[in-house]
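Have a look at the structure below before the remarks.
The values are calculated or read from the model by the stated rules, or taken from the named source; none is laboratory data. Just so we're clear, the structure is a prediction, and the values are computed from it rather than from any experiment. Don't worry about glycine lacking a Cβ; one is built from the backbone with ideal geometry, like all the others, and counts go over all protein chains shown.
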């Protein structure tokens, strides 16, 4: 049984409680998703860094909220996942990957959806982990399933943790 979680705060826009983020992520992985094995790195970045990552690895312009890199040995292209009985969505018992999360996008989307950036941050962690478990959001039907699971898990995380204590900010002039 291997349980490895690394969190790197590479931004200074907000003050971030990485200890609480580690606790939230660990409970998500172990208690809510019942994963015995995981190897996960989470990096919190600003929009210019996210835009560079997005362009370099996905050939997409601009920033985005979360990018997931799946390093598991049993990963298939999204177009083949549906027909492979070994990888039904949400059934992988080991995740191995990396999440890049953009703080700027969490702040912008929090304003748009009238929530907090802390809640958006937790949502992005959940979203990325669901991708690592085999969920996909390319087709509308799969996106609906993933969103339902994301909402369920976020509700549970918000019940268990004071999300507002994830941090404060944004800092003026940052």
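Within the range 39-56, restricting attention to residues that are closer than 15 Å to residue 21 by Cβ and in contact with a helix residue (DSSP H, G or I) (Cβ under 8 Å, 6 or more places away or on another chain), which residue is surrounded by the most Cβ atoms within 10 Å (Cβ to Cβ)?
Checked the range 39-56; the qualifying residue surrounded by the most Cβ atoms within 10 Å (Cβ to Cβ) is 44.
Six or more apart or on different chains, Cβ under 6 Å: which pairs go from a residue in the range 7-27 that's without any contact (Cβ under 8 Å) to a residue 24 or more places away in the chain to one that's part of a strand (DSSP E or B)? Could you list them?
18/7; 18/9; 22/7
Report every pair of residues separated by at least 6 positions or lying on different chains whose Cβ atoms are under 6 Å apart, first residue within the range 38-61 and free of Cβ contacts under 8 Å to residues at least 40 places away in the same chain, second part of a helix (DSSP H, G or I).
60/54
Taking the range 129-159 on its own, how many of its residues are outside any loop (DSSP other than H, G, I, E, B) and within 18 Å of the chain's Cα centre (by Cα)?
The total comes to 21.
Test of understanding: among 101, 126, which residue is assigned to a helix (DSSP H, G or I), in contact with a helix residue (DSSP H, G or I) (Cβ under 6 Å, 6 or more places away or on another chain), modelled with pLDDT of 95 or more and surrounded by 20 or more Cβ atoms within 10 Å (Cβ to Cβ)?
126
Taking the range 1-39 as the search range and keeping residues that are assigned to a loop (DSSP other than H, G, I, E, B) and within 13 Å of residue 95 (Cα to Cα), which one is farthest from the chain's Cα centre (by Cα)?
That would be 1.
Residue-wise test of (1) exposed (fewer than 14 other Cβ atoms within 10 Å of the Cβ); (2) closer than 30 Å to residue 12 by Cβ; (3) free of Cβ contacts under 8 Å to residues at least 12 places away in the same chain; (4) touching a helix residue (DSSP H, G or I) at 6+ places or on another chain (Cβ under 7 Å).
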site: 136; (1), (2), (3), (4): no, no, no, yes
site: 139; (1), (2), (3), (4): yes, no, yes, no
site: 145; (1), (2), (3), (4): no, no, no, no
site: 153; (1), (2), (3), (4): no, yes, no, yes
site: 163; (1), (2), (3), (4): no, yes, no, yes
site: 166; (1), (2), (3), (4): no, yes, no, yes
site: 170; (1), (2), (3), (4): no, yes, no, yes
